[in-house]
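Step one of this worksheet: look at the structure below.
Every number in this text was worked out from the coordinates using simple rules, so none of it is lab data. In this text, all values refer to a predicted model and were calculated from it rather than measured experimentally. Cβ placement follows ideal geometry from the backbone for every residue including glycine, while neighbour counts extend to all protein chains displayed.
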């Protein structure tokens, strides 16, 4: 439904603006409170691939346009959405809390690997000065992602019938 | 009563595994991405990018001011806040006194040399345009911010960016029509021609050391330098006026056998809390 895609895109733009203009001011470990990556991963795990990719593109465009660092964020987030959705559907189960945690951590690992790859390639291909993306520590980011995945899991379980087993008696 | 009770079964809640993307879809996606990359390299993406920035900028300005306020609240508990308010007050006094000191030394130097040769910020043909920091990438060895002024406002690459007190924060690194990226003096790639206050000649280079600090390097042994000396811009860069305060010398690392000495310096501009800055723009004749 196009209306839902538009809503997801608008939400993606909103979380992108929050990441670019609000979260960057948070001091110390609070800087781990980011919105875009958890939003994309939650959609990839608990919703559909199309919505996750839509959110990734919308949020990624906002970040690529405004943030001072060079990181091809749109491409990275889209790849994270694809990979996490594939893992959720075919490898992990998206019906278990530990599975959700594992997918969140996998999303962080994939994103960091892509940041490293983009930074290395950009450094090798261009001689001009570019600003590298700043990331917070592993522990803070993992704790925040775990909290988000847990809240999302319980929210989906409580508000939808998604995890209810089918009942048939004979 | 025998028999079985048959209840209508609920529709299955087992998620349907979506079919894998076809090879054709993958090829189209890959070609689309490659085409986008080519367009970006050719510069055709730039107008779209500037258009997006123009649309997002008002919202981002608002969000940034809110984020900065929230960051200030998160930074401190009430007791530490009071103590840091006093420290901030003292720091502001120090910054003001330092700027006055530099101007006084510059005036003294002017009186000693030919007056027609000396230029100050007000007389040197420089104006300034105010800007708000809308995004930051400040980490251990990276320090850059995005401001909401760009080429349309007269900003150019290499221009100096200062705080309200006139302390050097950094230089413009890249430019858009409505935004610019400023590389702060503590960034590892930052280089500023500098001199001790009052010497009025190029003495060395201030290089960023990361983590909010910098070093004054390539200083000849003959140049006198000691702790708490004020380091200012030398004025030898085309778009950076002279006597903009950079920071204070912490220590001096000097060996008689080395041709140059080095001094770690502490930038006086609050690089981790920049919100409002000014870009120094040469006046057009």
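Inter-chain Cβ neighbour count for B:49-60, averaged per residue, equals 3 (cutoff 10 Å, partner chain atoms only). Among A:146, A:74, A:160, whose mean-square fluctuation peaks in a Gaussian network model of chain A (Cα, cutoff 10 Å)? Among A:146, A:74, A:160, the largest GNM mean-square fluctuation belongs to A:160.
Per the Cα gyration tensor, segment A:1-95 maps to an equivalent ellipsoid with semi-axes of 23, 15, 12 Å, ordered largest to smallest.
At a Förster radius of 56 Å, what calculated FRET efficiency corresponds to the Cβ-Cβ distance of residue A:3 and residue A:124, to the nearest 0.05? Rounded to the nearest 0.05, the efficiency is 0.80.
Just to be sure I understand the model, the point goes 7 Å from the Cα along the line to the Cβ. What's the resulting residue B:35 to residue A:142 distance in nm? Taking the simple label geometry, residue B:35 and residue A:142 are separated by 4.3 nm. Rounded, prolate or oblate, given the Cα gyration tensor of segment B:219-260, with a/c below 1.5 counting as rounded? It is oblate, given that a/c is not under 1.5 and a/b is not larger than b/c. Helix A:138-159 and the long axis of chain A differ in direction by around 30°, with both axes built from C-alpha atoms.
Prolate is the label for segment B:132-271, because the ratio a/c of its alpha-carbon gyration tensor axes (a ≥ b ≥ c) is 1.5 or higher and a/b is greater than b/c. Rounded to the nearest 500, the 222 nm mean residue ellipticity of chain A from helices alone is -24000 deg cm²/dmol, with -39,500 (n - 2.57) taken per DSSP H run of at least 4 residues. If R0 equals 45 Å, the separation of the Cβ atoms of residue B:73 and residue B:24 corresponds to a calculated FRET efficiency of about 0.30.
Considering only A:98, A:27, A:68, the mean-square fluctuation computed in a Gaussian network model of chain A, springs between alpha carbons under 10 angstrom, is largest for A:27. Note the angle between two axes, namely the Cα long axis of helix A:36-46 and the longest principal axis of the Cα atoms of chain A, as a number of degrees from 0 to 90, rounded to the nearest 10. Taking the Cα atoms of chain A, the angle to A:36-46 is about 30 degrees. What is chain A by shape, rounded, prolate or oblate, if you read a ≥ b ≥ c off the alpha carbon gyration tensor as root eigenvalues and call it rounded for a/c under 1.5, prolate for a/b larger than b/c, and oblate otherwise? Taking the square roots of the gyration eigenvalues as a ≥ b ≥ c, chain A is prolate. Computed from the C-beta positions of residue B:101 and residue B:59, the FRET efficiency with R₀ = 30 Å rounds to 0.10. Averaged over the residues of peptide A:8-21, the number of Cβ atoms from other protein chains lying within 10 Å of each residue's Cβ is 3.
Peptide B:139-148 is shielded by partner chain Cβ atoms: per residue, an average of 4 of them sit within 10 Å of its Cβ. Peptides A:11-24, B:50-63, ordered by how many other C-beta atoms sit within 10 Å of their residues on average, highest first, read A:11-24, B:50-63.
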